[in-house]
Amino acid sequence: MRFTKDHEWVVLNGDVATIGISAHAAEQLGDVVFVETPEVGKAVKAGDAFAVVESVKAASDVYAPISGEVVEANGVLGDAPETVNADPEAGGWFAKVKVADASEYEALMDRDAYEAFLATQ
């Protein structure tokens, strides 16, 4: 699992990346009440907003940590957005992306680096 400074996570399995928000981000948002996932087939570029998460506190964009094409969106989140709070780094994933450039994954922070980053916030 790799992380961005915007608190997204990525797990790479072959050439498909599963993307969500970190447990830290879910905790900061509070109770998630709505999630808008990207459409299947949408091309995304690393750093671009590709999903939306709304909580009782705020609405926030979710940024693509890696470039590629959306091949699956987590349909569970439409009916059960609280899954993001309950299981942010597994069942609460937002989308799966067929990766255009695997080197983007290597450039992201591992968990130790992300934890160190959080300590500076």
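Derivation of every value follows stated rules applied to the coordinates shown; laboratory data play no part. None of these values were measured; they are calculated from a predicted model. As a convention, Cβ positions derive from the backbone with ideal geometry for all residues, glycine included, and neighbour counts pool all protein chains shown.
Mind checking which residues of the range 83-105 are under 19 Å from Phe3 (Cα atoms), without any contact (Cβ under 8 Å) to a residue 60 or more places away in the chain and not aliphatic (A, V, I, L, M)?
Correct list: Asn85, Asp87, Gly91, Asp101, Ser103, Glu104.
Of everything in the range 99-117 that's loosely packed, with under 15 Cβ neighbours inside 10 Å and of a type outside the set (A, V, I, L, M, F, W, C), which residue is nearest to Gln28 (Cα to Cα)?
First, pick out the residues of the range 99-117 that are loosely packed, with under 15 Cβ neighbours inside 10 Å: 101-103, 106-107, 110-113, 115-116.
Narrowing the set further to residues that are of a type outside the set (A, V, I, L, M, F, W, C) leaves 101, 103, 106, 110-112, 115.
Values: Asp101: 30, Ser103: 29, Glu106: 26, Asp110: 20, Arg111: 18, Asp112: 20, Glu115: 15 Å.
The residue in question is Glu115.
Just to be sure I understand, how many residues within the range 20-44 are outside any strand (DSSP E or B), surrounded by 13 or more Cβ atoms within 10 Å (Cβ to Cβ) and under 15 Å from the mean Cα position of the chain (by Cα)?
Of the residues in the range 20-44, 9 are outside any strand (DSSP E or B), surrounded by 13 or more Cβ atoms within 10 Å (Cβ to Cβ) and under 15 Å from the mean Cα position of the chain (by Cα).
Among the residues of the range 64-82, how many are of a type outside the set (Gly, Ala, Ser), more than 13 Å from Lys96 (Cα to Cα) and either touching a residue at least 12 places away in the same chain (Cβ under 8 Å) or in contact with a His (Cβ under 9 Å, 6 or more places away or on another chain) (or both)?
Keep residues of the range 64-82 that are of a type outside the set (Gly, Ala, Ser), which gives 65-66, 69-72, 74, 76-77, 79, 81-82.
Next, only the ones that are more than 13 Å from Lys96 (Cα to Cα) stay: 76-77, 79, 81-82.
In the following step, the residues that additionally are either touching a residue at least 12 places away in the same chain (Cβ under 8 Å) or in contact with a His (Cβ under 9 Å, 6 or more places away or on another chain) (or both) were identified as 76-77, 81-82.
Going through the range 64-82 one residue at a time, the tally reaches 4.
Which residue is surrounded by the most Cβ atoms within 10 Å (Cβ to Cβ), if the candidates are limited to the range 69-97 and must be under 14 Å from the mean Cα position of the chain (by Cα) and within 11 Å of Val16 (Cα to Cα)? Outline the logic, then answer.
Of all residues in the range 69-97, those under 14 Å from the mean Cα position of the chain (by Cα) come to 70, 72-74, 77, 81, 83-85, 87-97.
Those left that are additionally within 11 Å of Val16 (Cα to Cα): 70, 72, 95-97.
On the way: Val70: 22, Glu72: 15, Ala95: 25, Lys96: 20, Val97: 28.
Taking the candidates together, the pick is Val97.
In the list Ala17, Ala51, which residue meets the criterion of being in contact with an Asp or Glu (Cβ under 7 Å, 6 or more places away or on another chain), among the small types (Gly, Ala, Ser) and part of a strand (DSSP E or B)?
Details: Ala17 fails: in contact with an Asp or Glu (Cβ under 7 Å, 6 or more places away or on another chain).
Only one candidate qualifies: Ala51.
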